[in-house]
Amino acid sequence: MYKSKPKTLFIGKKILYLPSCQSTNDEAADLLRQGQGLEGTVVITDYQTAGRGQRGNQWVAKPGENFTLSVILRPHFLMANEQFRLNIAVSLGVFDFLLPYLGPLLKIKWPNDIYVNNQKLGGILIENTLQGNRLESSVVGIGLNINQLDFEEGRATSLLLMLGRELSLEALLPELLASIEKNYLLLRNRKYDLLKTRYLQHLFRYQESHLFQRAGKEIEGVIVGVAETGHLAVQINNKLEYFDFKEISYVF
């Protein structure tokens, strides 16, 4: 399975397919510890028994119906305080892959969930290792709902549900990896301003007044940007405030 090689320079040139595993991020991290973490290596599985999302959330997907994979990157060109730049590039890589299928309904929900019609289509979990004040390696975990019909989470959807037809994971994988590499190379070539502009352009509820929840209370605010650190900038009662992951949540 997954024998088709993408038309890329390095991402996906080596693909490790596992019928099942605990976590593709864990498997990729093991490769790095063993000195086998060649940049661009992809670990992909049909079934994760203990997939992870942002900040300890669990990622659940039915076996063989979706993308559950990790990509090893070596972004030595990024300083530790520039980690969120990688998040932006990868989010846009996934976004650009899905855009031809879903069009303008597609959004990136801060920091890196993929949403369509107020429903979650996928998520990204990036785990970085530092060497001094630079990034040594990154394991980019990606979960995308492709052919799943039923979800325990009511705010989840899939390409199948959106398009009304099943898609081949084998055929889609090269497209996904090529799109990620394209945006990663833009980052490596220091096209950060271009990437940041596009990230904000497609950001979920950007520059719109909406309800949020903070410390158990509902507040009204407007997302006005994202700081270099990755903190979400929200205008609340004429005051600009910055939030880290889990410090603020969306009210639907």
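The values are calculated or read from the model by the stated rules, or taken from the named source; none is laboratory data. None of the values given here were measured: they were computed from a predicted structure. Glycine gets a Cβ as well: all are built from the backbone with ideal geometry, and neighbour counts include every protein chain shown. We work out accessible area using only protein heavy atoms, side chains counted, and drop any ligands, DNA or RNA first. Shrake-Rupley method; radii C 1.70, N 1.55, O 1.52, S 1.80 Å.
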- Check on Asn238, of a type in the set (S, T, N, Q) and in contact with a Leu (Cβ under 6 Å, 6 or more places away or on another chain): no
- Search result, residues across region 215-235 that are more than 24 Å from the chain's Cα centre (by Cα) and either part of a strand (DSSP E or B) or surrounded by 16 or more Cβ atoms within 10 Å (Cβ to Cβ) (or both): Lys217, Glu218, Ile219, Glu220, Gly221, Gln235
- Among the strands (runs of 3 or more DSSP E) contained in region 109-177, which hold 3 or more residues that are polar (S, T, N, Q)? 119-131
- Enumeration of residues in region 80-103 that are open to solvent by 10 Å² or more (accessible area, probe 1.4 Å), closer than 19 Å to Arg205 by Cα and either among the polar types (S, T, N, Q) or modelled with pLDDT under 95 (or both): Asn87
- Message: Name the single residue that is farthest from Glu181 (Cα to Cα) among those in region 16-47 being open to solvent by 30 Å² or more (accessible area, probe 1.4 Å) and in contact with a helix residue (DSSP H, G or I) (Cβ under 8 Å, 6 or more places away or on another chain).
- Response: Leu18
- Message: Considering only region 137-158, I want to know if a residue exists there that is of a type in the set (Gly, Ala, Ser), open to solvent by 40 Å² or more (accessible area, probe 1.4 Å) and in contact (Cβ under 8 Å) with a residue 24 or more places away in the chain.
- Response: no
- Message: Return the pair list, or none, for Cβ contacts closer than 9 Å from residues in region 111-132 that are over 22 Å from Gly225 (Cα atoms) and of a type in the set (Ser, Thr, Tyr) to residues that are at pLDDT 95 or above and not in a strand (DSSP E or B), at least 6 apart or on different chains.
- Response: Thr129/Ala29; Thr129/Leu32
- Message: Among the listed residues Phe151, Phe204, Phe212, identify the single one that is closer than 17 Å to Lys109 by Cβ and at pLDDT below 95.
- Response: Phe151
- For region 228-237, which residues satisfy the criterion of being more than 24 Å from Leu105 (Cβ to Cβ) and without any contact (Cβ under 8 Å) to a residue 60 or more places away in the chain? His231, Ala233, Gln235, Ile236, Asn237
- Return a yes/no flag: does region 238-247 have any residue that is on the phi < 0 side of the Ramachandran plot, in contact (Cβ under 8 Å) with a residue 12 or more places away in the chain and in contact with a Phe, Trp or Tyr (Cβ under 6 Å, 6 or more places away or on another chain). no
